[in-house]
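The values are calculated or read from the model by the stated rules, or taken from the named source; none is laboratory data. Note that the coordinates shown come from a computational prediction; the quantities given were computed from them, not determined experimentally. Positions of Cβ are backbone-derived with ideal geometry, glycine not excepted, and every protein chain shown enters the neighbour counts. We work out accessible area using only protein heavy atoms, side chains counted, and drop any ligands, DNA or RNA first. Shrake-Rupley method; radii C 1.70, N 1.55, O 1.52, S 1.80 Å.
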Amino acid sequence: MADPSSYRPKPGQIPDSPGVYRFRDDHRRVIYVGKAKSLRPRLSSYFQDLANLHPRTRTMVTTAASVEWTVVSTEVEALQLEYSWIKEYDPRFNVKYRDDKSYPYLAVTLNEEFPRVQVMRGAKKKGVRYFGPYGHAWAIRETVDLMLRVFPVRTCSAGVFKNAERTGRPCLLGYIGKCSAPCVGRVTPDEHRELAEEFCDFMAGRTGAYIRRLERRMTDAAEEMEYERAGRLRDDIGALRRAMEKSAVVLADATDADLIAVAEDELEAAVQIFHVRGGRVRGQRGWVTDKVEEVDTAGLVEDALQQLYGEESGDSVPKEVLVPALPEDQVATDALSQWLSERRGSQVSLRVPQRGDKKDLMATVGRNAQQSLVLHKTKRASDLTTRSRALEEIAQALGLDSVPLRIECFDISHLQGDDVVASMVVFEDGLARKSEYRRFQIKGFEGQDDVRSMHEVIGRRFKRYLAEKERTGEWTEENEGSTAPGENGDNGENADDAADDTTGQIPAAPGENGHADHLGPSSLKEDDGRPKRFAYPPQLVVVDGGQPQVAAAKRAMDELGIDDVAVCGLAKRLEEVWLPDDDDPVVLPRSSEGLYLLQRVRDEAHRFAITYQRAKRAKRIRTSPLDDVPGLGETRKQALIKHFGSVKKLRQATIEQICEVPGLGRKTAESVAVALAGTAPAAPAVNTATGEIMEDDGGSTHD
């Protein structure tokens, strides 16, 4: 636990102007980002007597090891910079909302020649018009099915569309009138796009004028005694009205607005958003968050607005945003309103509803938020309790001083000594943290030796950790001589390591003001605050194996002077837990939550390792002796295989015959012949059912 006075800025050093500040821990990770209209009083408030601070704020300032700031000219700039830094650094003490589900949208792909109507989830794409989000995908499909009668827009996939183009026959929807069949030329691209735009206009709430136009056309058809056409128009109007009924009118003045409500307790908060377009609820979504910092309802609303509209622009930001509370400071409220207006490109009204239909609807949104919070806490209670019990059981069984909040597990994988690789998976608070997973190629030797491989991998992992400590200024004289910081380790995604993370040269982030005089030893080098590979030590290392693998891991850590990380191994046969220097294993009960967590960690490491090993093996099998011929590109390789039919027949060809292939000169033909002569032909494939030797007619070899 750090003493905040050790990194407190000197008197008069903090500017009295708007800005954004960052607290960093002793690993130089950004753990909190905040903004202030005046930095001096805001930052000074963090360095008062710890007893006067809120418990969460106290935890943050004692976890931090330095503070720095960037001065801006306006509160709007501070708001924008705060949002971009929270998104970039993912600080652990900031409020971060997470969707309680992946919501589906109704999307129209206006970026295609023939726009398509479909259900979409995930990140929004440029050139696609979105409506929603909806609570269920089936609700979207029901609405689309009704509207295709009036707006027969394409809904098929690219493969179905191309197949219809090739055969000249539309799909079933084309035959029953629910698709205009642009695939077979029934409508032109412009006519189909006009249909798609009319579909979008109707979904955006411009419904009244379109229905009145259909009613006039129905009346005209009846007067002209075209009763079949009038009947079809009547059915079209009924279909559109049924689609409209699925989203009832909630605001009579056809308002476009988003209503945001918050339900909270001491530890967590839930946010619900109703998207109202044309007076109708067109979508709903919810978020939940842990209150890891001291924040009131207005602060939660501000964080929700940043997450909701930070990546949006244009009509995605409505004309009106209704919230349950606003900052007491009018300047901060004006800054929020101005930021939203800049996102939309026109004025946005940000206010708290006081009376009428909007206040009543806000109460409904609030009830949804309260229900969401109750449901979330019910779901999480058992899960959180189980994880906590598992970590406590592991700590007790292994004799640890505290529960292992970060567990790293290593596994070795190979196929009969070939393609030897290793994996490292990370679990934090009992949950997999896949962004921290790493994989290794064994470099120190060839062949099969799991014990030696484990020693190499553990050594490389902790060499990188020590190198990161030196790079960030945490290296001490006692550490010198225990390893070679700066030695290239594994970068986690490819074993061909780059030395960029161990050079110690850290460029300053553009546009930032450095404050090295009050940041402590690590402040001599600017850092961007992003998580670095292998930068954080685990509390527990688990290896897949028994006593020999555990001994190898422990020996590698002892050689580097790492004595504050526990090690254990989990043997598959009897699920025994082995500790260094113990002749007998620790046997956890089969019903133990701790054993179950260790098994999950071990199995995930095995899965990650074998996936990587199989990928390497598949890549090696797909290689060909032609890959090593200088000057022979992919096009000419394919031309050779096409001309001769297989590598086997190409190997038997003369240089003159190779020269007959279009585009190949004699020099390249000689290189091909030399490359093939230097490789042994692959063993013939055998049909195991019949015993028949199969000819090599493919374009690859197993050499």
Three-way shape label, the range 181-234, alpha-carbon gyration tensor, a/c 1.5: oblate
Amide H of Ala36 versus every other amide H placed in the peptide plane: which residues, excluding those fewer than 5 positions away on the same chain, fall under 5 Å? Gly19
Neighbour net charge for Cys409 - beta-carbon separation under 10 angstrom, K R +1, D E -1: -3
I'd like the distance between the alpha-carbon centres of the range 10-45 and the range 412-468, rounded to an integer number of Å. 39 Å
Each residue of the range 9-20 in order: what ³J(HN,Hα) in whole Hz does its phi give by Karplus 6.51 cos²θ - 1.76 cosθ + 1.60, θ = phi - 60°, with x for Gly and Pro? x, 6, x, x, 7, 7, x, 9, 8, x, x, 10
Which of rounded, prolate or oblate describes the range 253-345 when judged by the alpha-carbon gyration tensor and an a/c cut-off of 1.5? oblate
With x for Gly and Pro, the residue-by-residue ³J(HN,Hα) of the range 425-430, computed from phi through the Karplus equation 6.51 cos²θ - 1.76 cosθ + 1.60 at θ = phi - 60° and given in whole Hz, is 10, 10, 10, 10, 6, x
To the nearest 20 debye, what charge dipole does the range 409-458 have about its Cα centre, counting +1 at the Cβ of each Lys and Arg and -1 at the Cβ of each Asp and Glu? 180 debye
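How large a share of the accessible area of the range 1-109, in percent, is made up of carbon and sulfur atoms when the probe is 1.4 Å and the other protein chains stay in place?
Of all accessible area on the range 1-109, carbon and sulfur atoms account for 49 percent.
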Excluding Cys171 itself, calculate the net charge of residues whose Cβ lies under 11 Å from the Cβ of Cys171, where each Lys or Arg counts +1 and each Asp or Glu counts -1. +3
Amide H partners (placed H, <5 Å) of Arg169, local residues excluded: none
Would you kindly derive the ³J(HN,Hα) couplings of the range 221-230 from the backbone phi angles with the Karplus curve 6.51 cos²θ - 1.76 cosθ + 1.60 (θ = phi - 60°), listing them in order in whole Hz, with x for Gly and Pro? 5, 5, 5, 8, 6, 9, 5, 5, 5, 5
Name the long-range amide H neighbours of Ala65: under 5 Å, sequence gap of 5 or more, or other chain; modelled H, no Pro or chain starts. Arg24, Asp25, Asp26
On average, how much accessible surface per residue is there in the range 7-93, in Å², for a 1.4 Å probe, leaving out ligands, DNA and RNA? 41 Å²
